[in-house]
């Protein structure tokens, strides 16, 4: 009750000092992603509140009443620094290229393998696992490319196992022609689209 | 009905093919794994139906319905197979209620429940593919994730 009164007195812009039951804060996006948004539905409040700017927050009381506003960015970072520091290292991708229509690595990609293996070694104490994702260019049907990309991914998976990686740590997936690196029309041969992405996480 | 002739060579050949397939075939479809613990500290474990509490340690594989629990000094950090990841702080209790992910199409559904504690979350391919396909449930609310980084805190 006192909390609610304080919130009313403090006004909409400055959120009350009493601690909320629940809190959601949107953080700025990373180097490869926009800030994004979080949509919030609470039992005590009609409709949906959307947090879409960095450091915007929602404070929710025990009855599900939501108050939104802007959090103090510096205070926030200080408070959650230990939590943010303990996030897992972000996944790192290595891209390997192939010869036309085959599952043989292009010569320019051979030097990438030791770098990849080195990254895997560095993450061994952090429960490293690897996802190999195959991609094709837009030549051929969607189904054929799904199969070809998976086959490429499995070839690299097999290669990594031969290089000493535990089979249990590596999985493979095919994305077909869904992630064209260079946008081409349908049925266009393109060297850079024919690739395997090895994600070390 | 005519008897089927089986030769030793035939059986060996079949076994060899099966063994080769086992190594070469995609393992991802057969796995129940939805993510792995990457970091852990202090009192931190996983509750899983039918087994004793699993101490959280780097490399531990997580499954749907797992409950991540941390004590006053505990932390657990996880990366999921859609590349989403989170860090759970002390005194947390988080259930991985639902996780489905198609690694070809990126369609999926990821629902977790935060009963108490604090979580820093970075969304991945499930959320990127479809808004609100990743959801976080708190005692009073449902958060639809539309990418990418946020913090959720629930006081007990």
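Quick one: would you say residue B:94 is out of contact with any helix residue (DSSP H, G or I) (no Cβ under 6 Å at 6 or more places or on another chain), closer than 21 Å to residue A:25 by Cα, more than 11 Å from every other protein chain (Cβ to nearest Cβ) and free of Cβ contacts under 8 Å to residues at least 60 places away in the same chain?
Yes; evaluated as a whole, the condition is true for this residue.
Take segment A:160-180 and flag every residue that is closer than 24 Å to residue A:117 by Cα, in contact (Cβ under 8 Å) with a residue 12 or more places away in the chain and surrounded by 15 or more Cβ atoms within 10 Å (Cβ to Cβ).
Within segment A:160-180, A:160, A:165, A:169, A:170, A:171, A:172, A:173, A:174, A:175 qualify.
Hey, can you tell me all the residues within segment B:103-120 that are more than 9 Å from chain A (Cβ to nearest Cβ) and either within 26 Å of residue B:56 (Cα to Cα) or modelled with pLDDT under 95 (or both)?
Hits for segment B:103-120 are B:108, B:109, B:110, B:111, B:112, B:113, B:115, B:116, B:117.
Among the residues of segment A:41-56, count how many are surrounded by fewer than 22 Cβ atoms within 10 Å (Cβ to Cβ), in contact (Cβ under 8 Å) with a residue 24 or more places away in the chain and either out of contact with any helix residue (DSSP H, G or I) (no Cβ under 6 Å at 6 or more places or on another chain) or at the interface with chain B (Cβ under 8 Å from one of its Cβ atoms) (or both).
4
Could you tell me which numbered condition residue A:199 fails, if it satisfies all but one of (1) in contact with a helix residue (DSSP H, G or I) (Cβ under 9 Å, 6 or more places away or on another chain); (2) facing chain B (nearest Cβ under 10 Å); (3) closer than 20 Å to residue B:61 by Cα; (4) not in a helix (DSSP H, G or I)?
Unmet for residue A:199, out of (1) in contact with a helix residue (DSSP H, G or I) (Cβ under 9 Å, 6 or more places away or on another chain); (2) facing chain B (nearest Cβ under 10 Å); (3) closer than 20 Å to residue B:61 by Cα; (4) not in a helix (DSSP H, G or I): (1).
Determine, yes or no, whether residue A:153 is touching a residue at least 24 places away in the same chain (Cβ under 8 Å) and either part of a loop (DSSP other than H, G, I, E, B) or within 23 Å of residue B:123 (Cβ to Cβ) (or both). So that I can check it myself, show each step before the final result.
On the way: touching a residue at least 24 places away in the same chain (Cβ under 8 Å): yes; either part of a loop (DSSP other than H, G, I, E, B) or within 23 Å of residue B:123 (Cβ to Cβ) (or both): no.
Here the answer is no, as residue A:153 does not meet what is asked.
Being without any contact (Cβ under 8 Å) to a residue 40 or more places away in the chain, facing chain B (nearest Cβ under 10 Å) and surrounded by fewer than 13 Cβ atoms within 10 Å (Cβ to Cβ) is the requirement here; does residue A:85 meet it?
Here the answer is yes, as residue A:85 does meet what is asked.
Among A:95, A:132, which is within 30 Å of residue B:77 (Cα to Cα) and surrounded by fewer than 18 Cβ atoms within 10 Å (Cβ to Cβ)?
Exactly one of A:95, A:132 is within 30 Å of residue B:77 (Cα to Cα) and surrounded by fewer than 18 Cβ atoms within 10 Å (Cβ to Cβ), namely A:95.
Residues in segment B:97-110: is at least one farther than 29 Å from residue A:175 by Cα, in contact with a strand residue (DSSP E or B) (Cβ under 8 Å, 6 or more places away or on another chain) and touching a residue at least 40 places away in the same chain (Cβ under 8 Å)?
No - not one qualifying residue is present in segment B:97-110.
Is at least one residue of segment A:21-40 more than 8 Å from chain B (Cβ to nearest Cβ), touching a strand residue (DSSP E or B) at 6+ places or on another chain (Cβ under 8 Å), surrounded by 15 or more Cβ atoms within 10 Å (Cβ to Cβ) and modelled with pLDDT under 90? I'd like the intermediate steps shown before the answer.
Step one: filter segment A:21-40 for residues more than 8 Å from chain B (Cβ to nearest Cβ), giving A:31-32.
Within this subset, residues satisfying the condition of being touching a strand residue (DSSP E or B) at 6+ places or on another chain (Cβ under 8 Å) are none.
No - not one qualifying residue is present in segment A:21-40.
Residue-by-condition table, conditions (1) out of contact with any helix residue (DSSP H, G or I) (no Cβ under 8 Å at 6 or more places or on another chain); (2) closer than 15 Å to residue B:103 by Cβ; (3) in contact (Cβ under 8 Å) with a residue 60 or more places away in the chain; (4) assigned to a helix (DSSP H, G or I):
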residue: A:95; (1), (2), (3), (4): no, no, yes, no
residue: A:115; (1), (2), (3), (4): yes, no, no, yes
residue: A:125; (1), (2), (3), (4): yes, no, no, yes
residue: A:128; (1), (2), (3), (4): no, no, yes, no
residue: A:132; (1), (2), (3), (4): no, yes, yes, no
residue: A:138; (1), (2), (3), (4): no, no, no, no
residue: A:144; (1), (2), (3), (4): yes, no, no, yes
residue: A:149; (1), (2), (3), (4): yes, yes, no, yes
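Test residue A:186 against the stated conditions and say whether it is part of a loop (DSSP other than H, G, I, E, B) and closer than 20 Å to residue A:93 by Cβ.
Answer is no for this residue.
Of all residues in segment B:140-156, how many are at the interface with chain A (Cβ under 7 Å from one of its Cβ atoms) and not in a strand (DSSP E or B)?
So the answer is 2.
Please indicate, with yes or no, whether at least one residue in segment B:127-134 is under 17 Å from residue A:37 (Cβ atoms) and assigned to a strand (DSSP E or B).
Yes.
The values are calculated or read from the model by the stated rules, or taken from the named source; none is laboratory data. Here the structure is a predicted model, which is why all the values come from computation and not from measurement. For neighbour counting, all protein chains shown are included, and Cβ atoms are generated from backbone atoms with ideal geometry for every residue, glycine included.
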